[in-house]
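Enquirer: Quick one: the structure is below, and I'll ask about it shortly.
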Amino acid sequence: MTDCVVDTNVLLIASAQDPGSRFGGSDLPEPERRKAFNWLSAFHADPSRQMVWDQTFRIYDEYRNKLTDQDYGLLVVHEKMTSARQVDIAFDADGHAVVSGQFASLDPSDRKFLATVLGDEGRSRLVNASDTDWLQQEGSLTAAGVAVEHILEDWLRAKHAEKESRK
């Protein structure tokens, strides 16, 4: 599985690795930002790997809303556009992607990523760097056959454990 639905946080963190980036103040340690940058750089360099988006470009719209044309993450997105695939997904009256009830607690802004992976029928995986919400849904995602690649696995699990201990 080489095709990816890339959560915006991956692009933001990889872009923060650039010293001139407006995201330079990221709270992630430099080695973690470097891992995200290295992942995105390898993805960018591999012509066999495609980005996967929803057919209405809401994922792309989020990228455009959070990144500038000078950010590395958006440069990668634009270069991958020629080979990107679109998946048809449904949206509700509020403009959020429709997902099954087991994912009802998922942040509405993340549903488009999940619905796209589900709609791609196992041909792509979700790529995440820093969003612990995907760990909250880990059991349901696995049961639904959704593969999630956590680029910052150790850091993310530690952050998730810390959040859980505060509850």
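The values are calculated or read from the model by the stated rules, or taken from the named source; none is laboratory data. The model shown is predicted, which means the values in this text are computed figures rather than measured ones. Side chains are part of the model used for accessible areas, which takes the heavy atoms of the whole protein and leaves out ligands, DNA and RNA. Shrake-Rupley method; radii C 1.70, N 1.55, O 1.52, S 1.80 Å.
Enquirer: Once you've got the Cα coordinates, tell me which of Lys112/Lys163; Lys80/Lys163; Lys66/Lys163 are over 29 Å apart.
Expert: Pairs exceeding 29 Å: Lys80/Lys163.
Enquirer: A further question follows. Could you sort Val148, Val98 by their accessible area in this structure, using a 1.4 Å probe and putting the largest first?
Expert: If we order Val148, Val98 from most to least accessible, we get Val98, Val148.
Enquirer: Cα convex hull of region 1-138: how many Å³ per residue?
Expert: It comes to 114 Å³ per residue, whole-number rounded.
Enquirer: Could you do me a favour and compute the accessible area per residue for the chain, 1.4 Å probe, result in Å²?
Expert: That works out to 48 Å² for each residue.
Enquirer: With all distinct Cα pairs included, what does the Kirkwood hydrodynamic radius of region 59-167 come out to in Å, to one decimal, could you say?
Expert: Evaluated on region 59-167, it is 15.3 Å.
Enquirer: Most fluctuating residue of Asp61, Asp92, Asp154 in a GNM of the chain with Cα springs under 10 Å: which is it?
Expert: Fluctuation is largest for Asp92.
Enquirer: With a 1.4 Å probe and all protein chains left in place, how much of the accessible area of the chain comes from carbon and sulfur atoms, in whole percent?
Expert: Carbon and sulfur together cover 48 percent of it.
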